[in-house]
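Student: Please find one structure pasted underneath; my questions will follow.
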Amino acid sequence: QNEIYNAGLRGILPTWPVDFATLEKRAHEALGPGLTNYVAGGCGDEHTQNSNASAFHHWGMVPRMMVDCSVRDLSIELFGHTYPTPLFMAPIGLNGEATQDRHGDMAAARASALTGVPFCASTLANDPLEDVKAACGDTPAWFQLYTPKNKELATSLIRRAEAAGYKALVVTLDTWVTGWRPRDLNASNFPQLRGKVLQNYFTDPVFRSLLAKAPEEDSAAAIFTWAATFGQVLTWDDMAWFKSVTKLPIVLKGICHPDDARRAVDCGADAVYCSNHGGRQANGGIATIDLLEDVVKASGDTPVLFDSGIRSGSDAVKALAMGARAVGVGRPYTYGLALGGADGAAWVLRSILAEADLLMAVNGYPTLADVRAAGVRRITS
Ligand code: FNR
């Protein structure tokens, strides 16, 4: 904030927006209609998606005075590591398409290296997970798994993630089939899945062994095989398989019901990830922030990660006040990628962090423990 103000006093204005509304508008212009529909779109009439963000407005924080907040500590402990901030970059498939060079996952990884904010790389990256991990530098990275129907392929993706040095396996539970997304369906975005997409999948040795011709020779057939292998239906019994296959901490993404949170903990999940996929999977639901406190309660000592609707630093602080250990930024950093690649994504993350830090300073919360102790109030009128 000081940097921005001081630069402004010298007549140097920020290159990219610091607020979500302007960021979104400019990113949509940069992405064009097809990709905008893909990134911005959600399920049905997008009521749940829109509620995810607007529901933050019916939660409020109460400031405390006469507290020395000249130094703030936003660091967190997770999976045996200390992270300098409580943010992470949520997994976004086809992030690669957000940048002109179609290597948006590499740019997101570089943003992670620049900011210390961990990147959760999606199975559906346009670059191999090994390259993405290397670009994260010293910042630990997490790998998100869309579990394929073929167990050998699932194991191969997990082994590659382990070998590359990822520090957690995030298993997404809510997307064994894609939700009803009118924007995608009406706009026929599927033709964009051509050429050098999904390289994480396409470089996998087990995936390649399923193809008659290499993806470089016949990308359409590779995309078809990818679609055919996508989407294993998971049940709680499958947790034993995940636990037997990897020693990586397992994070279960998509948990919204407290009973599911309890079940996840009982089955040995290392973290519960409360998310409704940004409203992309099911419409007619409840804003995730309205479900967070119950999920936190049900998870006991197991850390809870949160995403869906985070647009600002104050949103992040509210989720932390409700007990999230870490908060996932989704669409906003992809918009940063669209505007300025790695630097654009880093700018978005830093803006959210700067607002969160400043809010903690002004509200008298020097640490995240103070944020949690302060909590939030439901605004009813
Ligand atoms: C996603 N999300 C997602 N989740 C996941 O586990 N694997 C994935 O590959 C993707 N892909 C993806 C693509 C796009 C374009 C979006 C917008 C989202 C969901 C993501 O991790 C996160 O849950 C949401 O982005 C959170 O909602 P907001 O805050 O971005 O609205």
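Student: Hey, could you check region 251-285 for residues that are within 14 Å of the ligand (Cβ to nearest atom) and in contact with a Lys or Arg (Cβ under 7 Å, 6 or more places away or on another chain) and say which is most open to solvent (accessible area, probe 1.4 Å)?
Tutor: 280
Student: All but one of (1) within 16 Å of the ligand (Cβ to nearest atom); (2) among the β-branched types (Val, Ile, Thr); (3) farther than 28 Å from residue 15 by Cα hold for residue 348; which doesn't?
Tutor: (3)
Student: I would also like to ask the following. Here are 302, 288: which of them is of a type in the set (Val, Ile, Thr) and away from the ligand (no atom under 15 Å from the Cβ)? Reasoning before the result, please.
Tutor: Working: 288 fails: away from the ligand (no atom under 15 Å from the Cβ).
Within the list 302, 288, the selection yields 302.
Student: Could you grab me the full set of residues in region 290-312 that are in contact with a Cys (Cβ under 6 Å, 6 or more places away or on another chain) and either within 24 Å of residue 106 (Cβ to Cβ) or open to solvent by 10 Å² or more (accessible area, probe 1.4 Å) (or both)?
Tutor: 291, the sole residue that qualifies.
Student: I would also like to ask the following. Kindly check whether there is at least one residue in region 313-328 that is within 15 Å of the ligand (Cβ to nearest atom), crowded, with 24+ Cβ neighbours inside 10 Å, over 28 Å from residue 357 (Cα atoms) and not acidic (Asp, Glu).
Tutor: Within region 313-328 (the criterion being within 15 Å of the ligand (Cβ to nearest atom), crowded, with 24+ Cβ neighbours inside 10 Å, over 28 Å from residue 357 (Cα atoms) and not acidic (Asp, Glu)), the answer is no, since none of the residues qualifies.
Student: Looking only at region 144-165, which residues are open to solvent by less than 10 Å² (accessible area, probe 1.4 Å) and either over 20 Å from residue 272 (Cβ atoms) or more than 10 Å from the ligand (Cβ to nearest atom) (or both)?
Tutor: Result: 148, 153, 154, 157, 158, 161.
Student: From the list 138, 127, exactly one residue is open to solvent by 20 Å² or more (accessible area, probe 1.4 Å), of a type outside the set (A, V, I, L, M) and more than 29 Å from residue 256 (Cα to Cα). Which is it?
Tutor: 138
Student: If you don't mind, there's one more thing I want to ask. Counting only residues that are open to solvent by 20 Å² or more (accessible area, probe 1.4 Å) and more than 10 Å from the ligand (Cβ to nearest atom), how many does region 166-177 have?
Tutor: Count: 3.
Student: Scan region 112-128 for residues that are on the phi < 0 side of the Ramachandran plot and away from the ligand (no atom under 12 Å from the Cβ) and report the count.
Tutor: 8
Student: Let me ask something else about it. Can you tell me which residue among 334, 367 is open to solvent by 30 Å² or more (accessible area, probe 1.4 Å) and hydroxyl-bearing (Ser, Thr, Tyr)?
Tutor: 367
The values are calculated or read from the model by the stated rules, or taken from the named source; none is laboratory data. Keep in mind it's a predicted model, so treat the numbers as computed, not measured. Ideal geometry is used to build each Cβ from the backbone, glycine not excepted, and the neighbour counts take in all protein chains shown. For accessibility, only protein heavy atoms count, side chains too; no ligands or nucleic acids. Shrake-Rupley method; radii C 1.70, N 1.55, O 1.52, S 1.80 Å.
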